[in-house]
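The values are calculated or read from the model by the stated rules, or taken from the named source; none is laboratory data. Note that the structure is predicted; figures quoted are calculated from it, not measured. Positions of Cβ are generated from backbone atoms using ideal geometry, with glycine treated the same way; all protein chains shown enter the neighbour counts.
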Amino acid sequence: MTRAGYRLIDTAAAYFNEEAVGAAIKKSAIPREELFITTKLWIQDAGYENAKKAFQVSLDKLGLGYIDLYLIHQPMNDYYGSWRAMEELYEAGKVRAIGVCNFYPERLADLCLNARVKPMVNQVELHPFFAQTGALATMKEFGVQPEAWGPLAEGKHGIFTHPALTEIGAKYGKTAAQVALKWNVQRGVVIIPKTVHKERMEENLGIWDFRLSDEDMEAIGALDLGHSEIIDHSAADTAKFLNGWKIHE
């Protein structure tokens, strides 16, 4: 029987599951060096001293000696202080790579221009309905690797049965979901599709034996709405909501 699974685990302090992830890692027989563990610093713990403390809490909950990728979860509060702490954690070898999440072009450019160590990854919403072509250009300019959260648009827009994606997939013997994932990969984006179903894992992994034509890439890109329908990070209400989300007392 073929076994399927992911070796990259994307978690965060704000997901409240670091202890469970740590327990699963300990229980598994997979060598630590074959796993890529990401976790994230929440807004409440922003700032130089707070970030160092929060990192240690995450490390202890995960039961690990190091983190593969540590990210600032949102571009809010004192993320410059957080970044200075993360630079030191990186240089001390406690983190293999450091980066950010949800940093739109102006915030990312500003941090890159002023940081001692540039962010290595920017994890943002990227899928056919929110292509963020300009954001990708900024990341490329500064040498930041784009990583897509919600690469399947969190199931919105009927993405799994979308007519245009389904029609393109038929040419290659692939599903609409596989086409959406491959489109991002061909744009140089790291994808982290979420699933707990073995069949979906196998489907998501089955994208490496074909390549979309330039014409198909353009057709998929034409689905872009130019804005998110999941979260608007430019809205004051979003900032108020996220800053009000406390993960500890």
Checked the range 10-45 for anything closer than 23 Å to L242 by Cα and in a strand (DSSP E or B); matches are D10, T38, T39, K40, L41
Reported set for the range 73-94 where residues are part of a helix (DSSP H, G or I) and either of a type in the set (G, A, S) or touching a Cys at 6+ places or on another chain (Cβ under 9 Å) (or both) is G81, S82, A85
Might you check whether a residue that is outside any loop (DSSP other than H, G, I, E, B) and closer than 17 Å to V185 by Cα occurs anywhere in the range 114-122?
-> yes
With criteria (1) surrounded by fewer than 16 Cβ atoms within 10 Å (Cβ to Cβ); (2) touching a residue at least 60 places away in the same chain (Cβ under 8 Å); (3) assigned to a helix (DSSP H, G or I), E229 comes up short on (3)
Within the range 20-71, of all residues that are over 15 Å from E88 (Cα atoms) and of a type in the set (S, T, N, Q), the one surrounded by the most Cβ atoms within 10 Å (Cβ to Cβ) is T39
Kindly evaluate F160 against the criterion of being assigned to a loop (DSSP other than H, G, I, E, B) and not β-branched (V, I, T). no
message: Condition check: of a type in the set (D, E, K, R), part of a helix (DSSP H, G or I), closer than 30 Å to V117 by Cα and modelled with pLDDT of 95 or more. Does K182 satisfy that?
response: no
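Which members of the range 162-172 meet the condition of being surrounded by fewer than 15 Cβ atoms within 10 Å (Cβ to Cβ) and either touching a residue at least 12 places away in the same chain (Cβ under 8 Å) or of a type in the set (A, V, I, L, M, F, W, C) (or both)?
Listed by number, the residues that qualify are A170, K171.
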Residue hits (the range 149-161; in contact with a helix residue (DSSP H, G or I) (Cβ under 6 Å, 6 or more places away or on another chain) and either in contact (Cβ under 8 Å) with a residue 24 or more places away in the chain or within 20 Å of D10 (Cβ to Cβ) (or both)) are P151, L152, A153, I159
